[in-house]
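Single-structure report; data block below.
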Amino acid sequence: MQAAVFNGVDGIVAECGGSCMCATCHVYVREDLLAMIPPMEPDEDAMLDGAASPRRPNSRLSCQLVVTPQMDGSSSHLPETQT
C-alpha cells in the first residue's frame, strides 16, 4: 500500500493510512503469489467483508502485505472501485 501511494498508483485510496480500518487498499493478488504472503489476520478478513468491490478468494488489503525480494516483478490487480 505504501509503495503504491508513494508512487501515485491510481486506484489505491488508502484512507486510513495503512491501519487496516477502511478496505480502500483492496487488491486481488495473483494466485501464484498467494503462497508468498503471510496468512490473513482476522481484522483484515473482517474488513474485506465490507470492501466496495466484490471479495474474491485472492482478495487482500495491500496495507497488510510486505513486498519481499521473492516478489520482484510481480503484480496484483485492482478492483473496479475502492469507495
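Nothing in this text is a laboratory measurement; each read-out follows from the coordinates by a stated rule. As the structure is a prediction and not an experimental result, all values here were calculated from the model. Because the Cβ atoms are built from the backbone with ideal geometry, glycine has one as well, and the counts that use them run over all protein chains shown.
Take the chain, connect every pair of alpha-carbon atoms lying under 10 Å apart with a spring to form a Gaussian network, then pick out the residue of Cys16, Cys63, Cys25 with the largest mean-square fluctuation.
Cys16
Which of the GluC sites (Glu not before Pro) across the chain are loop residues per DSSP, with 10 or fewer other Cβ within 10 Å?
Glu80
Considering the Cα positions of the chain, please state its Rg to one decimal place and its Dmax as a whole number of Å.
Rg then Dmax for the chain, in Å: 11.6, 31.
Under 15 Å from the 7 Å Cα→Cβ point of Arg56, by amide nitrogen: which residues of the stretch 64-83?
In the stretch 64-83, the label zone of Arg56 (backbone N under 15 Å from the point 7 Å along Cα→Cβ) covers 75-82.
Rounded to the nearest 20 Debye, what is the dipole magnitude of the chain about its Cα centre when Lys and Arg each give +1 and Asp and Glu each give -1 at the C-beta? All intermediate terms of the calculation are to be shown ahead of the outcome.
On the way: 4 positive and 11 negative charges, 22 e Å.
Using only the charged Cβ atoms, the result is roughly 100 debye.
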